[in-house]
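This report refers to the structure that appears directly beneath it.
The values are calculated or read from the model by the stated rules, or taken from the named source; none is laboratory data. None of these values were measured; they are calculated from a predicted model. All Cβ positions, glycine included, derive from the backbone under ideal geometry; neighbour counts span all protein chains shown. These accessible areas exclude ligands, DNA and RNA; they are computed on the full protein's heavy atoms, side chains included. Shrake-Rupley method; radii C 1.70, N 1.55, O 1.52, S 1.80 Å.
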Amino acid sequence: MKLNIVENYGELSRLAALQLLAVLAQGCEKRVNVSITGGATPAGAYEYVSPLLRGLELPNVHYYNFDEIPMKNGGKATLDSLRELFFEPCGIREVQIETFDEHNYRTYDQKLRADGGLDLVLMGLGGDGHFCGNIAGSLADFGVGCHTVDSDLNEWLTGLLADACGGSENVPDQFVTFGPATVMEAKKLILIVSGEKKAEILKKALEGPVTPEVPASVLRLHPDITVIADRAAASRLKEETIHG
């Protein structure tokens, strides 16, 4: 595990942008498969990336959404968010966007392998320790691939989904996500974490036991994972974690 601690969110965004661009640039010569996250944390990085990507021709880069919330009003909460946050500002063509949803999740692990595997998964860290849609309390073990999660798993999740869907009336009974086994098969992982509110859960993920109760704890077993955290998020880590 590579741990990069930076001073603030601005530096986190710049470093994450540089690392994302380094992977995307390989698309000049070969197919590159990347899965990126939505939400507030990566927004700053995407602001750095978008003007550069808009002027580049990288047709060999393919993008995968690692979860999806099929809203009852017909929308796709994750894909809609990624279009607004990344795909449209970066000028990504539709042919480069690989859709993952409730219709194909059962065979999606096979598709990913057939496509050559994921070269990169860029993720944030949830307040309960989740990554992708792997919510704390939803996993019996880490061996599961692409799967569904019940939307009423707990009150916190129900509220989160209502925000993502623009109201509780649009929340589906289930949503789909890449499972731990799916993510751990990727060649490279980047986990970005910002703010003091994430300090305790980052400590649990990096220093506590590897357990499904803190889903992101498994990520530190990946052979090529980079964690980028600002000082606030890293404020509760031990010195040996920071320097070792």
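Overview of results
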item	result
In the range 35-65, residue nearest to the chain's Cα centre (by Cα) [restricted to those that are within 18 Å of Lys188 (Cα to Cα) and open to solvent by less than 10 Å² (accessible area, probe 1.4 Å)]	Ile36
Residue in the range 82-104 that is over 17 Å from the mean Cα position of the chain (by Cα) and within 14 Å of Thr182 (Cβ to Cβ) present	yes
Complete set of residues in the range 7-21 that are of a type outside the set (Ser, Thr, Tyr) and open to solvent by less than 10 Å² (accessible area, probe 1.4 Å)	Leu12, Ala16, Ala17, Leu20
Residue count for the range 167-195, restricted to those that are open to solvent by 60 Å² or more (accessible area, probe 1.4 Å), touching a residue at least 60 places away in the same chain (Cβ under 8 Å) and not polar (S, T, N, Q)	3
Options Gly129, Gly143; residue that is more than 29 Å from Ile5 (Cα to Cα) and either acidic (Asp, Glu) or out of contact with any His (no Cβ under 7 Å at 6 or more places or on another chain) (or both)	Gly143
Residue match in the range 214-223 (condition: surrounded by fewer than 16 Cβ atoms within 10 Å (Cβ to Cβ) and aliphatic (A, V, I, L, M))	yes
Residues satisfying the stated conditions in the range 146-166, i.e. open to solvent by 20 Å² or more (accessible area, probe 1.4 Å) and either touching a Pro at 6+ places or on another chain (Cβ under 9 Å) or of a type in the set (Phe, Trp, Tyr) (or both)	Trp156
Residues being under 26 Å from Val32 (Cα atoms) and either at pLDDT below 95 or open to solvent by less than 20 Å² (accessible area, probe 1.4 Å) (or both) - total across the range 125-144	5
Which numbered condition Gly27 misses (of (1) open to solvent by 40 Å² or more (accessible area, probe 1.4 Å); (2) in contact with a His (Cβ under 9 Å, 6 or more places away or on another chain))	(1)
